[in-house]
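Presented below is the structure to which this report refers.
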Amino acid sequence: MKKIKVAIVGFGNRGQVYADYSLLAKDEVIISAIIDPNKTKLANAKARYHLTDKQLFTNWNEFLKSKTKVDIVVNATMDQLHFKVAMDILKAKFNMLIEKPIVNNKNDLLKIRDLAKKNKCQVFVCHVLRYTPFYTAIKRLINNDEIGNIVSMEMNEHVCIPHYLTSYDRGKWAKTKECGSGMLLAKCCHDLDLVAWLNNKTTPTRVSSFGSRNLFVPSNKPKGATKFCYNCPHEKKCIYSALSLYYERDTMPFLVLDSFNKPYDQITKKEKYEYLKKSNFGLCAYDTGGDIVDRQNVIIEFKNGSIVNFAMIGGTTKADRYIHIVGSKGEIEGKIEENKIILRKYERGFIIKNKEIDVSKNIVNKVQYGGHSGGDFMIMHDLVRYLNKDRSSISITSIDDSINGHLLVYAAEESRLKKKIVNL
């Protein structure tokens, strides 16, 4: 295999996850450039990947002037920067791996698709769940006609309390106006991409959705609760306490402590405490000013008559993704957290045969702050082989197949906000 040269634009958590593949598979990937305005992050990247100063850039134009040759550019910028950066990458005729969501509207999405086709660039989307051993095993069962034609799919995602509070209540994705994305796009575009990918023998035609923010709202604040947790009389008993999550337990430091611009283990307890007295991460969970929904349901009808029900619940006791597919010849059921799939097939006389498929041994997860049940590793594994002309991955598809999942999200948000059924 040819060693793939990679440039990373945006060296946050996700950028580091993809760059770290070069540490796990040194014969397959080499990091040729890091582009990020934060000089501390550039210094960290320099040490981590043994780069020279000539491989570090604070902006895209500097990188272009350097005429650095790479096989692919990873667009791991924040959501609201995706479109501009993506267009710059494609104008320069680089292949691109873009973090999800691609963009937050149909017009920009189609512009990216069209420019990629015009300049003959490959565009890959970081829908990493497609690449997990769990979902690839399900896709193979469907492709092999183990359950016949899909009749219905039931899926859900339970976003646990620490994750919901840190990302979607107190964090970067709490406000639609600031991040440019609703909850479905920011978090569950993974799931709606899976819906479209698993059922891609047909296409979605109609969508209906209901959702709201009813738990993490000011009206639910306990009487006498303060703006920040550090001086709140309810703090010691509150299950949503910022001090409990970020001071005592160091939950998701790559998001909470990112602004310190130094290694997380070098930040003192005193610094953390003072930071939580003024940071948005120290705010009362009920009163952060966020407007992202904390629950949403989506119903999708496909051209062949199959139906999908998807539910997102924010603020649950544990993270959980469940799937149950009913086909004309059998069923598939499982939870990705358990990495076990049940295949049920029924025969004449209503004889049911169950087969358990355990995919846990197929998971490679060496990512410090990530993993996605092996998807973070496998997306890079498959990508390297694809760029070496190996077309065996069932997870990699054209950008057209990724578009359907995004169109579902846009339609669901339109349905939720306008309270109507939306035709695609």
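The values are calculated or read from the model by the stated rules, or taken from the named source; none is laboratory data. This one's a predicted model, so the numbers in the text were calculated from it and none came from an experiment. Quick reminder, even Gly has a Cβ in these numbers, built from the backbone with ideal geometry, and neighbours come from all protein chains shown. For the accessible areas, the whole protein counts, side chains as well, though only heavy atoms, and no ligand, DNA or RNA atoms are used. Shrake-Rupley method; radii C 1.70, N 1.55, O 1.52, S 1.80 Å.
Quick one: in the range 290-310, of everything that is of a type in the set (A, V, I, L, M) and touching a Lys or Arg at 6+ places or on another chain (Cβ under 8 Å), which residue is modelled with the highest pLDDT?
Filtering the range 290-310 for residues that are of a type in the set (A, V, I, L, M) and touching a Lys or Arg at 6+ places or on another chain (Cβ under 8 Å), the one modelled with the highest pLDDT comes out as ILE300.
Restricting to the range 66-100, count the residues that are aliphatic (A, V, I, L, M), modelled with pLDDT under 95 and in contact with a His (Cβ under 7 Å, 6 or more places away or on another chain).
0
Taking CYS229 as the residue in question, decide whether it is touching a residue at least 40 places away in the same chain (Cβ under 8 Å) and either open to solvent by 20 Å² or more (accessible area, probe 1.4 Å) or in contact with an Asp or Glu (Cβ under 9 Å, 6 or more places away or on another chain) (or both).
So CYS229 fits the description; yes.
Is it fair to say ALA311 is within 30 Å of GLU414 (Cα to Cα), open to solvent by 40 Å² or more (accessible area, probe 1.4 Å) and small (Gly, Ala, Ser)?
Numbers: within 30 Å of GLU414 (Cα to Cα): yes; open to solvent by 40 Å² or more (accessible area, probe 1.4 Å): no; small (Gly, Ala, Ser): yes.
It is false that ALA311 is within 30 Å of GLU414 (Cα to Cα), open to solvent by 40 Å² or more (accessible area, probe 1.4 Å) and small (Gly, Ala, Ser).
Among the residues of the range 108-137, count how many are farther than 30 Å from LYS335 by Cα, touching a helix residue (DSSP H, G or I) at 6+ places or on another chain (Cβ under 9 Å) and part of a loop (DSSP other than H, G, I, E, B).
Matching residues across the range 108-137 total 3.
Restrict the check to the range 147-169 and report whether at least one residue is open to solvent by 50 Å² or more (accessible area, probe 1.4 Å), part of a helix (DSSP H, G or I) and either among the charged types (D, E, K, R) or more than 29 Å from GLY334 (Cα to Cα) (or both).
No: the range 147-169 contains no residue that is open to solvent by 50 Å² or more (accessible area, probe 1.4 Å), part of a helix (DSSP H, G or I) and either among the charged types (D, E, K, R) or more than 29 Å from GLY334 (Cα to Cα) (or both).
Assess whether LYS270 counts as being modelled with pLDDT of 95 or more and either open to solvent by 30 Å² or more (accessible area, probe 1.4 Å) or not aliphatic (A, V, I, L, M) (or both).
For LYS270, the condition - modelled with pLDDT of 95 or more and either open to solvent by 30 Å² or more (accessible area, probe 1.4 Å) or not aliphatic (A, V, I, L, M) (or both) - is met.
Considering only the range 361-380, state which residues are modelled with pLDDT of 85 or more, in contact with a helix residue (DSSP H, G or I) (Cβ under 8 Å, 6 or more places away or on another chain) and surrounded by fewer than 20 Cβ atoms within 10 Å (Cβ to Cβ).
Result: ASN362, single match.
Within the range 344-352, can one find any residue that is surrounded by fewer than 16 Cβ atoms within 10 Å (Cβ to Cβ) and under 24 Å from CYS238 (Cβ atoms)?
There is no residue in the range 344-352 that is surrounded by fewer than 16 Cβ atoms within 10 Å (Cβ to Cβ) and under 24 Å from CYS238 (Cβ atoms).
Looking at (1) at positive phi; (2) in a helix (DSSP H, G or I); (3) of a type outside the set (Val, Ile, Thr), can you tell me which one GLY224 breaks?
(2)
List the number of the failed condition for LEU141; all other conditions in (1) outside any loop (DSSP other than H, G, I, E, B); (2) of a type in the set (A, V, I, L, M, F, W, C); (3) open to solvent by less than 10 Å² (accessible area, probe 1.4 Å) hold.
Result: LEU141 fails condition (3) only.
Check every one of the strands (runs of 3 or more DSSP E) wholly within the range 19-107 and list those with 1 or more residues that are β-branched (Val, Ile, Thr), buried (at least 22 other Cβ atoms within 10 Å of the Cβ) and in contact with a Gly (Cβ under 9 Å, 6 or more places away or on another chain).
Strands (runs of 3 or more DSSP E) meeting the threshold: 29-35, 72-75.
Assuming TYR386 fulfils every condition listed in (1) among the aromatic types (Phe, Trp, Tyr); (2) surrounded by fewer than 16 Cβ atoms within 10 Å (Cβ to Cβ); (3) modelled with pLDDT of 95 or more apart from one, which condition is it?
(2)
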